[in-house]
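Note sheet for the following structure.
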There are 2 protein chains.
Amino acid sequence: MKRVVNFSAGPAILPEAVLKQAAEELFVYKNTGMSVMEMSHRSQDFKNIITDAEANLRKLLNVPDNYKILFLQGGANTQFSMIPLNLMKNKKADYLTTGSWAKKALKEAKKYLDVNEVCSSEDKMFSYIPDLNKLQFDPKADYVHICENNTIYGTKYHELPDTKGIDLVSDMSSCILSEPIDISKYALIYAGAQKNIGPAGTTIVIIRKDLITENYPDYTPLMLQYKIHADKDSMYNTPPTYGIYMCGLVFKHLLNNGGVEAIYEHNKQKAALLYDYLDQSKLFKPTVVKKDRSLMNVTFNTGNEELNKKFIELAKNNGFVNLKGHRSVGGMRASIYNAMPLDGVKALVEFMRKFEEENL
Amino acid sequence: MKRVVNFSAGPAILPEAVLKQAAEELFVYKNTGMSVMEMSHRSQDFKNIITDAEANLRKLLNVPDNYKILFLQGGANTQFSMIPLNLMKNKKADYLTTGSWAKKALKEAKKYLDVNEVCSSEDKMFSYIPDLNKLQFDPKADYVHICENNTIYGTKYHELPDTKGIDLVSDMSSCILSEPIDISKYALIYAGAQKNIGPAGTTIVIIRKDLITENYPDYTPLMLQYKIHADKDSMYNTPPTYGIYMCGLVFKHLLNNGGVEAIYEHNKQKAALLYDYLDQSKLFKPTVVKKDRSLMNVTFNTGNEELNKKFIELAKNNGFVNLKGHRSVGGMRASIYNAMPLDGVKALVEFMRKFEEENL
């Protein structure tokens, strides 16, 4: 069976080389005589897997020594609770609302903190990032929270807000490892693996070590305490071992191919190809203002529901799958994560050109 | 590379037929053109996977219609918090302490409830199950909690306590699907997948529907509410899709091989082989009283630390791995879960016999 070109927003496309290696090693991993799935998490073989994964992610993102990397479970949704529970001091936080996920994070934080919504782009269906220069942060806020790439709406912060020294917390689920970042500008970064890293079920947290405290309220569930996980190097309980193994393969694959700098160039090329076409198309319109466009999730629309539907179906029949936009915005979305090859985007643009000719 | 005989307590051995199928399908799953890992959890293909997994588990355990099956994340440790948070009414619960996991569950519940430790077998290093006829339950307790199979110590409840109508909650992580059970005797069953079902990272919860309420305290994290997950059929957020796929393959494999009744016969045969040998051995001594022995985790000891070490190392060199007992008890432990073939146990007993001859 031929592989399709998969534009899914997540769980999403993985590098073919990684999948091939995983398939080969699934029944017996190296000289261990067993599958990675069957390995005790306390075994030396698994310790090597998680240690290598952590070291390679550290290398890829230049993570400084004063940051801890955690492999957790429960996705971004669990982080929505863990962050306020663990980072609270003054019990105040500032949230920027740039999409559904940012909104959910804010709602959950309100259970625990006095939350200030600093800005929102909901007035225009989250099609832009608000002007960051106009923002007023509460100097007593424990942190400022952003969702850096908005998967559903196709927007991305291309600069970070100047928080005047307040700790910045960023949901990078759909943009982590897509471009170089300066970790020291963040207090905490979190990301579900299932968009740009590996299979669903592993959550990456990169946290500045001084934030790993026991300041959480007494009612905080044990598994929602960063300290428990940090003290045991993500092995307090059985971690999602196979997911971590897959993340590790992806990290190694990125390193072997020039690291984040190289994939960033690749990603810019792919996105330019698609946006350049969209900007001159008479049929398809990009839905996000130019300056705030995501490199990972490209949203567009014909403005005609029937035509959108026809396009999505015809695309599917031609091997371009998961192009339907999120139900809350409609239209189309092409998620072109790290693992999407340039040829995949080229073929899509070619297909769109043809569709435009035939349907304009 | 030859496969070893893997007696790991968890993550643990999986059926070879299942691993082979997973390896074959890893790169492209059926006619989807993609790996299961790359599949949107909202796609029809994944919906079929999770629906089939749920239906097959329901069939295997005869789960009645008034019970909901959930596929969650976070392992048994997360259930230790979710259970008191979601099941509280009178804010009282009775816990039976038969091992480290039962103890951890009790400790976590104390954060939220007035907890009564009904009994404990810690006086004899958890080598037995206390006399259930002597137990006094609080008629106002919201539930009674047991850990039904104690992985570390090798004990198992062979009958359930008569709770006089109080809801029974059972941690079945290391015995689920090993023998037929009457679900209607339980209010809630939970199990980490990584012992008898699939890879680490998926947690199975079987809960009586009337217990899925909004009685939890206001501070309960969203992801720790059963209702959120139940209302969306385990798809409120991205579930651990690949793990669920693997669990589904194991469920189907069990059904194709006679279901739980057949595997129970198989498990009894394996356990009898090993315990019968241990009961007559002059070198190896079983550590658990006869009536409370686990079918899944068989613990034994020579009583001599040097000899234990020698045995474990020699066994490893002969392809019998992960026989070292948990650090808190020492000695040896052979976990012989569903996926352990009879031949694996036969070969181990043969090896032990030889070792006994040479070292007595």
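Applying 0.36 nm per residue to the separation of B:Glu357 and B:Lys232 and subtracting their alpha-carbon distance, the gain on full extension is 39.1 nm.
For the listed peptides B:296-303, A:212-219, A:331-338, a ranking on the average number of other beta carbons within 10 Å per residue, highest first, reads A:331-338, B:296-303, A:212-219.
Under the simplified labelling scheme, the B:Asp65-A:Asp52 pair shows an inter-label distance of 5.2 nm, with each label point 7 Å from Cα along Cα→Cβ.
Overall, region A:18-256 carries a charge dipole of about 160 debye about its Cα centre when +1 sits on the Cβ of Lys and Arg and -1 on the Cβ of Asp and Glu, all other atoms neutral.
Qualifying trypsin sites (Lys or Arg not before Pro) in region B:64-126, where qualification requires a DSSP coil assignment and no more than 14 other C-beta atoms within 10 Å, comprise B:Lys89, B:Lys91, B:Lys110.
When A:Leu278, B:Leu273 are sorted by how many other C-beta atoms sit within 10 angstrom of their C-beta, beginning with the fewest, the order is B:Leu273, A:Leu278.
Only Lys, Arg, Asp and Glu carry charge here, each on its Cβ (+1 for the first two, -1 for the last two); on that basis the protein assembly as shown has a dipole of about 80 debye about its Cα centre.
Taking every DSSP helix (H) stretch of at least 4 residues in chain B, weighting each as -39,500 (n - 2.57) and dividing the sum by the residue count yields a mean residue ellipticity at 222 nm of -11000 deg cm²/dmol.
At B:Asp114, with labels set 7 Å past Cα in the Cβ direction, how many nm apart are the copies from this one, shortest first? Taking the point 7 Å beyond Cα along Cα→Cβ, the inter-copy spacings are 3.5 nm. Magnitude of the charge dipole for region B:169-316, about its Cα centre and with charges confined to Cβ atoms of Lys, Arg (+1) and Asp, Glu (-1), is about 420 debye. For the segment B:104-115, counting C-beta atoms of other chains within 10 Å of every residue's C-beta and taking the mean gives 1.
Ignoring aspartates and glutamates fewer than eight residues from B:Lys209 along the same chain, the ones with Cα atoms less than 19 angstrom from its Cα are B:Glu54, B:Asp65, B:Asp142, B:Asp167, B:Asp171, B:Asp182, B:Asp231, B:Asp233.
Which lysines have a Cα lying under 23 Å from the Cα of A:Lys285, excluding residues fewer than 8 positions away in the same chain? Once the sequence-local lysines are set aside, what remains near A:Lys285 is A:Lys124, A:Lys156, A:Lys268, A:Lys270, A:Lys309, A:Lys310, A:Lys316, A:Lys324, A:Lys346, A:Lys354.
A point 7 Å from Cα along Cα→Cβ stands in for B:Gln44, and the other copies hold the same point at 5.1 nm, listed in rising order. For the listed residue pairs A:Lys103/B:Lys107; A:Lys103/A:Lys140; B:Lys107/B:Lys185; A:Lys47/B:Lys282, the alpha carbons are over 32 angstrom apart in A:Lys103/B:Lys107; A:Lys47/B:Lys282.
Applying 1/(1 + (r/R0)^6) with r as the Cβ-Cβ distance of A:Lys316 and B:Arg327 and R0 = 35 angstrom yields a FRET efficiency of 0.05.
Apply the a/c threshold of 1.5 to the C-alpha gyration tensor of region B:102-213 and tell me whether it is rounded, prolate or oblate. The shape class here is rounded. Normalised radius of gyration (Cα atoms, divided by 2.2 N^0.38 Å) for chain B: 1.01.
Toward the positive end of the charge dipole of region B:211-360, with +1 on the Cβ of Lys and Arg and -1 on the Cβ of Asp and Glu, the farthest Cα among B:His266, B:Asn237, B:Asn304 is that of B:Asn304.
Cβ-Cβ distance of B:Lys164 and B:Gln280, R₀ of 35 Å, FRET efficiency by 1/(1 + (r/R0)^6): the value works out to about 0.25. For B:Arg353, the distances from its label point to the matching points in the remaining copies are 7.5 nm, ordered from shortest, with each point set 7 Å beyond Cα toward Cβ.
Taken together, the values in this text are just the output of simple stated rules run on the coordinates, not laboratory data. Remember, it's a predicted structure, so these values are computed and weren't measured experimentally. Cβ coordinates were reconstructed from backbone atoms using ideal geometry, including for glycine residues, and neighbour counts include every protein chain displayed.
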